[in-house]
Amino acid sequence: MRRDEWRRREHWRRHGHDRGGNTEWIALGAAALIGAAGAAYYLQQQPQRHQAHRPPDSAPGRTARQRTFGRYAVVSRTVTIDRPRTQLYGFWRDFQNLPQFMENVKAVTPLDGEVTRWTIEGPMGRDVQVETRIVEDRPNELIAWRSVEGSDIDTEGRVRFRDAPGGRGTEVEAVVAYDAPGGEIGRWIATIFQKEPAIQGRRELKRLKMLMETGEIATSRNHHSARRGGQ
Amino acid sequence: MRALTWHGSHDVRVDTVPDPEIMNPRDAIIEVTSTAICGSDLHLYDGVIPGMMSGDILGHEFMGRVVETGPKSTLQKGQRVVVPFTISCGSCFFCKKHLYSACDNSNPVENQDITEGLYGHAVSALFGYSHLTGGYPGGQAEYVRVPFSDIGPIVVPDGMDDDQVLFLSDILPTGWMAAVNADIEEGDTVAVWGCGPVGLFAVQSALLMGAARVIAIDHYPNRLALARKLGADVIDYKQTHVLEALMEMSGGLGPDAVIDAVGMESHGFAPDTVLDNIKQTVGFGADSGHALREALMAVRKGGRVSIPGVYGGFLDKFPTGALMEKGLQVKTGQTHVQHYISELLKRIEDGEIDTTFLISHRLPLEEAPKGYYNFKNNQDDWTKVVLKTGKS
Ligand SMILES: NC(=O)c1ccc[n+]([C@@H]2O[C@H](COP(=O)([O-])OP(=O)(O)OC[C@H]3O[C@@H](n4cnc5c(N)ncnc54)[C@H](O)[C@@H]3O)[C@@H](O)[C@H]2O)c1
Ligand SMILES: [Zn+2]
Ligand SMILES: [Zn+2]
């Protein structure tokens, strides 16, 4: 295993002793809601820096109360889609399908071999290019990709397909990590992905679910020139 | 086209807006012939439901003719249809279980974030309601875009009047499901709070399902008279102590099942209501829950609680003790209209159910604001307002 890859994996693991930046953020949100009187109480509830050692539970590491992914922002979400694994794997494996449900991805172009170029829409009409290589491909089970050196974003992701219990279809679990570089691009990537990582991720998987289960993606616009999504 | 649009609390207007277009393959466009104002619309009118935007087209009870179809619609131009107020895909986990109002795929993803935070899960979409439930333009208009038109709309024979079938879109199935959720058994006494359209249809349905006795509660003489006509006994909560009366009228046992057909804007002068109203006015996301609290106190031990009345936020002083210690069973939800609609159409065709008794006023669409005003402020006489577009 390459050293940087090892380091990356290490970051993805649960770190019981790290600062829970996320917990703090939630506490602040709650404080804002309950008003000034209650804020003092919530702000006192700082995450513990040194948590007693506990036996691991069954939950995925990314749901830990105190977690860190090093420099990476992580987007993850699981959704159950009432379609067979083979169909969902096949749809995702053709990366050119991704822009159908990923709002920020404008196009995916195959280059040579296992490399594809993703064109991601940036602010004020600026596009960002990311070239990714498939690093693991287990038919009907898992696809993992990573950006090649020199891409505008250092990112890796994987999507896993599992049979859902009781004939409910397939559990699709997607985890994507980004390292925002410096500079202007870095700033807006940080804005999109670190501010609301969960929102972006879940919206995309929900769109995929709609497309697979109903053949279309719901919109409440009722004419073509209207604003999108009724927002 | 002309449409009734929302501009703020107690400010609705008929405006000229762009005609709807087919957006998705399963869509159809309906030319509306009749559309009604619902008690749920009053929550929007009063501004107690969050997520409304100026210019939103209201209306979720409507019917009309198919004028355009998307490539995957199963409807045909010219067909006359009643459209369920719940927008459902028909193929997700929930729709397959016939829990249509829990559909996962009808609420646009951008609109799901708020209820995912507020309720733990995103809710499905409804026509002409808040952006929390999709922000779909509604049916108090000349034309409506109907998504998933192969699942929702039911074709009605030309021989039947609009007024006979319009309420299949919401309040008839809602009253019916309210009674279904009360799990009525032979000999049951069922108490219904609220004699608005939903409460009255719940009274009618409970009697059809074999309740020995239905007791309807309200304070409007005319609405109570309608309940009595349907076969209910009535309690006027302004002249009678409801809890005491219900105990005495049910042999000291308490009603076997209770139905809250009032919802989040419960009236009354009890201290809980006054506090709830203050919180609602200052925008606390609080529900007024006097009727629900009273229903939970009244129902017998091991009894059933059915809640068709709409709640959107939080309720304090909720009697969890009564709920647990009496071993109650609670069923609620937006109506799974698609599950009940064909059975109810059949009952109307067979003459078993009449819905026209409810309509007190028919107005042209242009006079919709007057309809809202009176349905809100003159509830006793204005039991149900149907708006006509002049099309047929
Ligand atoms: N679950 C659903 O899918 C669904 C569908 C339609 C309507 N609804 C809801 O059902 C409720 C009733 O709808 P509607 O159209 O009949 O409304 P409505 O406003 O016409 O009727 C409500 C009635 O409740 C009475 N009331 C108020 N406070 C009361 C109290 N404390 N005790 C007894 N009666 C009281 C009022 O006097 C009024 O007659 C509303 O909350 C509405 O949003 C739910
Ligand atoms: Zn309604
Ligand atoms: Zn569905």
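A few points about this structure:
- Extension gain (nm, one decimal) between residue B:46 and residue B:233, 0.36 nm per residue minus Cα-Cα: 64.2 nm
- Flagged links, alpha-carbon separation over 25 Å, of B:97/B:229; B:97/B:317; A:209/B:77; B:301/B:331; B:331/B:370; B:77/B:388: B:97/B:229; B:97/B:317; A:209/B:77; B:331/B:370
- Mean sequence separation of contacting Cα pairs (under 8 Å, at least six apart), scaled by the length of chain B, corresponds to a relative contact order of 18 percent.
- Separation in nanometres of the label points that stand 7 Å from Cα toward Cβ, at residue A:121 and residue B:212: 6.5 nm
- Inter-chain neighbour count for A:204-214: the average number of beta-carbon atoms from partner chains within 10 Å of each residue's beta-carbon is 5.
- The helix-only estimate of mean residue ellipticity at 222 nm for chain B, built from DSSP H runs of length n ≥ 4 each weighted as -39500 (n - 2.57), is -8000 deg cm²/dmol after division by the residue total.
- Ellipsoid semi-axes for the range B:101-253, based on the Cα gyration tensor and the rule √(5λ), read 34, 21, 15 Å when sorted largest first.
- For residue B:234, the residues whose modelled amide H falls within less than 5 Å of its own, excluding neighbours fewer than 5 places apart on the same chain, are B:216.
- Extending 7 Å from Cα along the Cβ direction at residue B:247 and again at residue B:222 yields two label points whose distance is 3.6 nm.
- Residues in the range A:160-168 carry Karplus couplings, in order, of 10, 10, 10, 5, 7, x, x, x, 7 Hz; the curve used is 6.51 cos²θ - 1.76 cosθ + 1.60 with θ = phi - 60°, and Gly or Pro positions show x.
- Residue B:63 long-range amide H proximity, modeled H, under 5 Å: B:33, B:34
- Mean Cα-pair separation over length for the range B:172-332, i.e. relative contact order, pairs under 8 Å, 6 or more apart, %: 23 percent
- Within the range B:172-332: Cβ-based charge dipole about Cα centre, in debye rounded to nearest 20 (Lys, Arg +1; Asp, Glu -1): 140 debye
- Whole-Hz ³J(HN,Hα) from phi, Karplus 6.51 cos²θ - 1.76 cosθ + 1.60, for the range B:380-392, glycine and proline x: 4, 8, 8, 7, 7, 10, 10, 9, 10, 8, x, 8, 9
- 13 Å beta-carbon shell around residue B:370, net charge (K/R +1, D/E -1): +1
- Phi to ³J(HN,Hα) by Karplus 6.51 cos²θ - 1.76 cosθ + 1.60 over the range B:81-89, Hz, x for Gly, Pro: 9, 9, 10, x, 6, 8, 9, 9, 7
- Separation between Cα centres of the range B:212-270 and the range B:318-354, rounded to whole Å: 18 Å
- Placing unit charges on each Cβ (+1 for Lys and Arg, -1 for Asp and Glu) gives chain B a dipole about its Cα centre, and among B:187, B:20, B:82 the Cα reaching farthest toward its positive end belongs to B:187.
- Rg in Å to one decimal, and Dmax rounded to a whole Å, for chain B via C-alpha atoms: 20.0, 61
- Stokes-Einstein diffusion of the range B:172-332 at 37 °C, 0.692 mPa s viscosity, Kirkwood radius from Cα pairs, rounded to a whole number: 214 µm²/s.
- R0 of 41 Å, Cβ-Cβ distance residue A:149-residue A:63: FRET efficiency to nearest 0.05: 0.85
- Nitroxide proxy distance, nm - points 7 Å out along Cα→Cβ at residue A:162 and residue B:13: 5.5 nm
Values quoted throughout were computed directly from the atomic coordinates according to the rules given, and no laboratory measurement underlies them. Just so it is clear, the structure is predicted and the values come from calculations on it, not from any experiment. Don't worry about glycine lacking a Cβ; one is built from the backbone with ideal geometry, like all the others, and counts go over all protein chains shown.
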